[in-house]
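The structure under discussion appears below in the form of structure tokens.
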Amino acid sequence: MILNFERIDQRWYLKDDRWKGDKEKLQMVAGADYLLEAIKHKANSVCLRVLTEKTYSPLMTDSLRLTHAKALDDRGTYIIPLVGWQFWLCSVTEWVFGYMPTDLYFRVVE
């Protein structure tokens with residue numbers, strides 16, 4: 001799955017035309033925004049290929065693995081095991097995937 005994010009007024013948002021709700025609900029917060037900033041410092045958009053199952057495809061060799069730490073109602077705390085960086089993903093994650101995935105694998109698409 002390809003996910004696009006855009007920075008507007010120093011805030012990161014998921015860009016998805018299927019979303020019919022309030023745009024503010026698509027804002028990346030609580031660490032997800034810092035992750036996007038770390039990936040694309042000073043850029044105004046980020047495109048990620050995101051999978052819920054590990055693949056050994058050459059396309060995913062640069063992926064970081066995010067392991068689901070705990071679920072609380074409609075959100076989850078995820079951690080990047082290699083560096084121990086923890087952040088929160090909201091119910092938009094569940095809307096995108098249809099559930100809160102235990103694992104997420106991603107890489108930047110140029």
Restricting region 1-32 to trypsin sites (Lys or Arg not before Pro) in coil, as DSSP defines it, with at most 10 other Cβ within 10 Å:
R18, K20
Shape category assigned to region 1-58 from the gyration tensor of Cα positions, a/c cut at 1.5
oblate
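Any read-out appearing in this document is the output of simple, stated calculations on the displayed coordinates, not a laboratory observation. This one's a predicted model, so the numbers in the text were calculated from it and none came from an experiment. Cβ: placed from backbone, ideal geometry, glycine included. Neighbour counts: every protein chain shown.
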